[in-house]
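Engineer: The structure that follows is given in the form of structure tokens.
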Amino acid sequence: MRARRFISLLALCAVGICVSAVAYVQVRNQDIEDNRFALFSESGAARSTGDAERGENVARASGCISCHTDKANGGALLAGGVKLESPFGTFVSPNITSDKESGIGLWTVDMLAKALLNGRRPDGKHYWPAFPYAAYAVMQQQDIIDLFVWLQSTDPVQGASPEHALLLPGFARAGLSFWKTLFVPVDYQSGRFSERGEYLVEGPAHCAECHARRNLLGGIPDRRLSGNRRGPEGAAVPAITADALREWTIEDLMFFLEIGMTPEGDFTGGHMAAVIDQGTAHLSSADRQAMALYLKSSFNGGTE
Amino acid sequence: MFKHYRLRSVMLGLGVMLVVSQPTAHTGASGIVKERMDAMGVLGDHARVVGDMLKGKTAFDADAVETAAAAFVMHGEQITGLFPDTEESRSGARTEALPAIWSEWDDFVAIATRFTEDSRVFANIASKLDSGEQSDEENSRAVRTAFFRTSKGCSGCHERFRLKQD
């Protein structure tokens, strides 16, 4: 009898601890997100008007176009429908054209900023991290404003994407607070990314999303570009730390990011070809050089 | 003195053998898979030569560009023939060819055809480089444009139809 009471008491305590842990994580994550958004809103003197042309460049560098355009099936620009296979099921990228019903035509720049920096939907729910906001958390204010103006200037396309086909239960979305506190770096907006190349590679260009190791929770514990034996579609992705790239010159890397040719004359394929074709190939040569310089520097994975 | 000389050439020979027998991506491949890897390897060698010029690693060399462009045309015409729908071709050792080649054969052929056509344009431009009418800089710019266009065939085909191993 006494043992039964003792066990119930213990169970009650365990539930209590769980509930407060969940509450704590949620509050902590909310703090981080509020802080990040506040830094975003305050950075830069006044909110300048955006520049659509620059915004398109940001979209290229960030891979928005390759992930939200179903090129293989002739899909319209940004109309979504790209299937992203993962151990958690298949995600489908949504329509982000300026269409008012199917797309984001009714969004404000703050809504876009919250989506990119914090992975938050306008209704306050979390986005799945298949949308690589862990990398976009660093994005600079001007880039997001320009991006917004460009997105709103694209042709509206009607038609929503199919639903995700996930192996996870729907309520797992709510558990993403926990995931975010673990895997979305916190110290982003504080000027850690002062150099252009580092900002591009570690931030918007999200090279780590494919080139870094993921754990069982699908998180990227350290964002080192040391390769991933099981990348998208289960294929291996090579390491691109400074050490792994020691045979590559700056020119080799710039050329690679422009047309996809390796120093041996081979041409890269698969996802990397898409990253280049719809992304880095369209950047300025100065941006490609900045990325190459960062990749070759000792900040990229260390060379010791 | 003589002996010394012999030793040197033996060592040189050994060195060459070492270089030649260095394992490459296609160690272990045979038959049609080996054949097409070798053909692709030749394309890669020529692409590297042109690429090195455009990167400024090597001096501009009109003859080498012409040779490369001619090789692209010749191999371009042969590519589809190197991917027969046979067991060996589909799943021979070391192959990086994806099954989509045979399930989306028309697209594969279209990319190969386009590549060959672009290579012909490239070859045509390459054949005029020596005429002396243009400066090296102008030549280099023309080669760059034509080579970039042709190379879309290499990357476009690899993007959809090849999955690189190791």
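The values are calculated or read from the model by the stated rules, or taken from the named source; none is laboratory data. On a predicted model such as this, the values are computed, not experimentally measured, just so you know. For neighbour counting, all protein chains shown are included, and Cβ atoms are generated from backbone atoms with ideal geometry for every residue, glycine included. Ligands, DNA and RNA are stripped out before the accessible areas are found, and what is left, the full protein with its side chains, is counted by its heavy atoms. Shrake-Rupley method; radii C 1.70, N 1.55, O 1.52, S 1.80 Å.
Engineer: Going through region A:150-168 one residue at a time, which ones are in contact with a helix residue (DSSP H, G or I) (Cβ under 7 Å, 6 or more places away or on another chain) and open to solvent by 50 Å² or more (accessible area, probe 1.4 Å)?
Structural biologist: A:SER153
Engineer: If we scan region A:226-237, do we find a residue that is open to solvent by 10 Å² or more (accessible area, probe 1.4 Å), in contact with a Leu (Cβ under 7 Å, 6 or more places away or on another chain) and within 14 Å of chain B (Cβ to nearest Cβ)?
Structural biologist: There is at least one residue in region A:226-237 that is open to solvent by 10 Å² or more (accessible area, probe 1.4 Å), in contact with a Leu (Cβ under 7 Å, 6 or more places away or on another chain) and within 14 Å of chain B (Cβ to nearest Cβ).
Engineer: Additional query: Given the structure, is B:GLN165 in contact (Cβ under 8 Å) with a residue 12 or more places away in the chain, under 16 Å from the mean Cα position of the chain (by Cα) and surrounded by fewer than 15 Cβ atoms within 10 Å (Cβ to Cβ)?
Structural biologist: In short, no.
Engineer: Please list, ordered by residue number, the helices (runs of 4 or more DSSP H) wholly in region A:239-301 having 1 or more residues that are farther than 18 Å from A:CYS210 by Cα and at the interface with another protein chain (Cβ under 7 Å from one of its Cβ atoms).
Structural biologist: The helices (runs of 4 or more DSSP H) meeting that bar are A:250-259.
Engineer: Select from region A:103-117 the residues that are surrounded by fewer than 21 Cβ atoms within 10 Å (Cβ to Cβ), touching a Pro at 6+ places or on another chain (Cβ under 8 Å) and not in a helix (DSSP H, G or I) and list them in ascending order.
Structural biologist: If the condition is that a residue be surrounded by fewer than 21 Cβ atoms within 10 Å (Cβ to Cβ), touching a Pro at 6+ places or on another chain (Cβ under 8 Å) and not in a helix (DSSP H, G or I), then A:GLY105, A:TRP107 are the ones that fit.
Engineer: Could you give every pair whose Cβ atoms fall below 6 Å, whose first residue belongs to region A:94-109 and is in contact (Cβ under 8 Å) with a residue 24 or more places away in the chain, and whose second residue is outside any loop (DSSP other than H, G, I, E, B) and not hydroxyl-bearing (Ser, Thr, Tyr), counting only separations of at least 6 or pairs across chains?
Structural biologist: What qualifies is A:PRO94/A:GLY80; A:ASN95/A:GLY80; A:ILE96/A:HIS68; A:SER98/A:GLN152; A:VAL109/A:ILE145; A:VAL109/A:PHE148.
Engineer: While we're here: Exactly one condition in (1) touching a Phe, Trp or Tyr at 6+ places or on another chain (Cβ under 6 Å); (2) without any contact (Cβ under 8 Å) to a residue 24 or more places away in the chain; (3) more than 14 Å from chain B (Cβ to nearest Cβ) is false for A:ALA212; which is it?
Structural biologist: (1)
Engineer: Could you count how many residues in region A:69-95 are open to solvent by less than 30 Å² (accessible area, probe 1.4 Å), touching a helix residue (DSSP H, G or I) at 6+ places or on another chain (Cβ under 9 Å) and farther than 22 Å from A:LEU176 by Cα?
Structural biologist: 6
Engineer: When the residues of region B:119-162 are narrowed to those that are within 14 Å of another protein chain (Cβ to nearest Cβ) and among the aliphatic types (A, V, I, L, M), which ends up nearest to B:VAL65 (Cα to Cα)?
Structural biologist: Selected residue: B:VAL143.
Engineer: Any residue at all in region B:56-75 that is in a loop (DSSP other than H, G, I, E, B) and closer than 16 Å to B:ALA146 by Cα?
Structural biologist: yes
Engineer: For region B:100-116, indicate whether the set of residues that are among the polar types (S, T, N, Q), open to solvent by less than 80 Å² (accessible area, probe 1.4 Å) and within 14 Å of another protein chain (Cβ to nearest Cβ) is non-empty.
Structural biologist: no
Engineer: Taking region B:137-154 on its own, how many of its residues are of a type in the set (Asp, Glu) and open to solvent by less than 100 Å² (accessible area, probe 1.4 Å)?
Structural biologist: Total satisfying the criteria: 1.
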